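Visitor: Quick one: the structure is below, questions incoming.
The values are calculated or read from the model by the stated rules, or taken from the named source; none is laboratory data. For clarity, every value in this text was computed on a predicted model and none was experimentally measured. Because the Cβ atoms are built from the backbone with ideal geometry, glycine has one as well, and the counts that use them run over all protein chains shown.
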């Protein structure tokens, strides 16, 4: 049968790690520069724009004109939409060999048509490729893998007919991914990726976070220290430690923290100087009172 081209969401995994699950379990961060450089090598004419950074397995699937990319130690992933093929053996060579890896796995689906496909290349050689819709097989190359047995036996689906496959190809593709990678993408820890558009769209603008007002910050510090008003329960350092903790727990910029701490230091110095003056005056008064008993009243002169 002739293939009928359709849009397929394809996910390629480039594997050199002996334990891909362990790589994912560490939830590494994706590098924006990695994907941009990779796409420029795939096609220098593309206008590459970063459009987001999120978890591959916690977000909506990729759309046409987009790439979701991440490169980790021993494990890299590319997700995009391909058109014009229903046979993974004919996958664009530049895409399939975009990154060096001993094993390359491809998984393609279209949930609207029920298309599911999977393929495995080792050392550049195709080992297995199967692509089908519920009532049509597009490609069946290589030996059947152990994980396929239950599907061909018809134990994974209740939908049976004389012209339909005894399983759902999308489900088989998902099982192939679990088997070959060693983990379930859907339930795995966050797989962090960077999203790029190649259709010329502008990079989305992200609103700048509102910066705390320096005046308000200073007023808060002064209020905590009791400056600018009379306090009968005066204490040099009362409230200072609370404000230190407030700054430590707040996500201010380093500059704001510097200004805030400078304000506190100045306030501490003023409070300390005021305290010394009060202590000095009290000392003088104490000395005068202590020596009052030595002052003799003037002698009375009889007239």
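Visitor: Scanning the range 166-203 for residues that are at pLDDT 95 or above, part of a loop (DSSP other than H, G, I, E, B) and out of contact with any helix residue (DSSP H, G or I) (no Cβ under 7 Å at 6 or more places or on another chain), which turns out surrounded by the most Cβ atoms within 10 Å (Cβ to Cβ)?
Guide: Among them, the one singled out is 168.
Visitor: May I pose another question? Determine which member of the set 49, 97, 83 is farther than 26 Å from residue 188 by Cα and surrounded by fewer than 16 Cβ atoms within 10 Å (Cβ to Cβ).
Guide: None of the other options fit; the residue is 83.
Visitor: List pairs: first in the range 123-149 and at positive phi and surrounded by 12 or more Cβ atoms within 10 Å (Cβ to Cβ), second in a strand (DSSP E or B) and at pLDDT 95 or above, Cβ under 6 Å, 6+ apart or cross-chain?
Guide: Listed pairs, sorted by first residue: 142/127; 142/128.
Visitor: Could you list, in sequence order, the residues of the range 8-25 that are touching a residue at least 60 places away in the same chain (Cβ under 8 Å) and surrounded by fewer than 16 Cβ atoms within 10 Å (Cβ to Cβ)?
Guide: 16, 19, 21, 25 - these are the residues of the range 8-25 that are touching a residue at least 60 places away in the same chain (Cβ under 8 Å) and surrounded by fewer than 16 Cβ atoms within 10 Å (Cβ to Cβ).
Visitor: Something else now. At pLDDT below 95, out of contact with any strand residue (DSSP E or B) (no Cβ under 7 Å at 6 or more places or on another chain) and part of a loop (DSSP other than H, G, I, E, B): does that describe residue 44?
Guide: Here the answer is no, as residue 44 does not meet what is asked.
Visitor: Right, residue 30: in a loop (DSSP other than H, G, I, E, B) and touching a helix residue (DSSP H, G or I) at 6+ places or on another chain (Cβ under 7 Å) or not?
Guide: No.
Visitor: If a residue must be surrounded by fewer than 23 Cβ atoms within 10 Å (Cβ to Cβ) and either under 14 Å from residue 96 (Cα atoms) or free of Cβ contacts under 8 Å to residues at least 12 places away in the same chain (or both), how many such residues does the range 110-120 contain?
Guide: Result for the range 110-120: 2.
Visitor: Filter the range 76-96 down to the residues that are touching a residue at least 40 places away in the same chain (Cβ under 8 Å) and assigned to a helix (DSSP H, G or I), then identify the one that is farthest from the chain's Cα centre (by Cα).
Guide: For the range 76-96, the residue satisfying everything is 89.
Visitor: Now for a separate question. Just one of the numbered conditions (1) under 27 Å from residue 111 (Cβ atoms); (2) touching a strand residue (DSSP E or B) at 6+ places or on another chain (Cβ under 8 Å); (3) surrounded by 15 or more Cβ atoms within 10 Å (Cβ to Cβ) is not true of residue 64; which one?
Guide: (3)
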